[in-house]
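Single-structure report; data block below.
The values are calculated or read from the model by the stated rules, or taken from the named source; none is laboratory data. Please read these numbers as outputs of a predicted model, since none were measured by experiment. Heads up, the Cβs are rebuilt from the backbone with ideal geometry, glycines too, and the neighbour counts pull from every protein chain shown.
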Amino acid sequence: MKQTEPVTGDLSAEFRIDQEPFYLPVGNEAELFGAAWQARLPVMLKGPTGCGKTRFVQYMAWKLGRPLITIACHEDLFASDLIGRFLLKDDQTVWSDGPLTQAMRIGAICYLDEIVEARKDTTVVIHPLTDDRRTLNIDKKPEVLPAHPDFLMVISYNPGYQSVVKDLKPSTRQRFVAIDFDYPGPDKEELIVAREGGIQRAVAARLVDLAGKIRSIQQRGLAEGASTRLLIYAAKLIGCGVDPRQACRSAVCLPLTDDEQMQETLEDLVDDLF
């Protein structure tokens, strides 16, 4: 006998963000996102890795008072991982909702992080959720699930990884309102690194200076420049007593490249600043 697993308690409470996440706006991205949520328009966040897209979604979920369900996309992510599946429980076959289905039922913000990493046949399942239908076809039950009025689909996308293999189809891209992200300006990035890393502003300024120099040579062999996230990692190591040069090497230089010559170049930049 097939059943649907009963929902007990307030499921949305499990995914609510109670405390305000630290986020420093760099433009009108909060206003744009709020307007998109009010109009129930799906949102695509475009920008490099580690520039604050995920923290921004957490901040907006808190600001709008909505639950947030985050799904990290990868090449082994199947449609059933999003939608749900039948499971054997106490000698009965019971339906268990996947995270996308849960988000639709409780009116959460559903955030698909790095959407291009997911299988192409998996991303197709979100198409009916990103137009005026706002429905999900659950073929295995079968059921056509309408989205909760407060449900919002959000995806993140790194244009730096564009290729024939890893790129969003136009049929997917053109279903979203896009918000552009980039690394913050130096003053704001210093404040973020100092605040999140727990270090003095002067040390944060040197880390940001390092990132600027690395980003300026990005086209000479680096897939991406030093992200704000990596600067915060270095700052946290420094805050724990690690020598700044070693902290930069471990948190910034080594994660960026395996090329020995490029490593030497990056370490020279570190030595110049520290």
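Residue-wise test of (1) of a type in the set (Val, Ile, Thr); (2) touching a Leu at 6+ places or on another chain (Cβ under 6 Å); (3) within 23 Å of Tyr23 (Cβ to Cβ); (4) surrounded by fewer than 16 Cβ atoms within 10 Å (Cβ to Cβ).
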| site | (1), (2), (3), (4) |
| --- | --- |
| Ser216 | no, no, no, yes |
| Gly221 | no, no, no, yes |
| Leu230 | no, no, yes, no |
| Lys236 | no, no, yes, no |
| Pro244 | no, no, no, no |
| Cys253 | no, yes, no, no |
| Asp258 | no, no, no, yes |
| Asp268 | no, no, no, yes |
| Phe274 | no, no, no, no |
**Complete:** Scanning segment 127-150 for residues that are without any contact (Cβ under 8 Å) to a residue 60 or more places away in the chain and either assigned to a strand (DSSP E or B) or closer than 20 Å to Phe56 by Cβ (or both) gives Thr135, Leu136, Asn137, Ile138, Glu143, Val144, Leu145, Pro146
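A quick yes/no check of all residues on (1) touching a Lys or Arg at 6+ places or on another chain (Cβ under 7 Å); (2) within 17 Å of Asn158 (Cβ to Cβ); (3) not charged (D, E, K, R):
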position	(1), (2), (3)
Thr93	yes, no, yes
Gln102	no, no, yes
Ile106	no, no, yes
Cys110	no, no, yes
Asp113	no, yes, no
Glu117	no, yes, no
Thr122	no, no, yes
Ile126	no, no, yes
Leu129	no, no, yes
**Asked** Quick one: Ala147 ticks every box in (1) of a type outside the set (Asp, Glu); (2) more than 12 Å from Pro42 (Cβ to Cβ); (3) surrounded by fewer than 22 Cβ atoms within 10 Å (Cβ to Cβ) bar one, so which box is it?
**Response** (2)
**Prompt:** Name the pairs whose Cβ atoms lie under 8 Å apart, with the first residue in segment 242-267 and not assigned by TED's automatic domain parsing to the domain that holds Ser216, the second surrounded by 16 or more Cβ atoms within 10 Å (Cβ to Cβ) and assigned to a helix (DSSP H, G or I), and 6 or more positions between them or separate chains?
**Reply:** none
**Fill in**
Going through segment 47-94 in order, the residues found to be of a type in the set (Phe, Trp, Tyr), over 30 Å from Leu230 (Cα atoms) and modelled with pLDDT of 90 or more are none
**Request:** State yes or no: is Ala36 crowded, with 16+ Cβ neighbours inside 10 Å and not β-branched (Val, Ile, Thr)?
**Result:** yes
**Prompt:** Which ranges mark the helices (runs of 4 or more DSSP H) fully within segment 156-274 that have 1 or more residues being closer than 16 Å to Pro48 by Cβ and aliphatic (A, V, I, L, M)?
**Reply:** 186-197, 201-216, 228-239
**Asked** Quick check: anything in segment 55-75 touching a residue at least 60 places away in the same chain (Cβ under 8 Å) and touching a Pro at 6+ places or on another chain (Cβ under 9 Å)?
**Response** yes
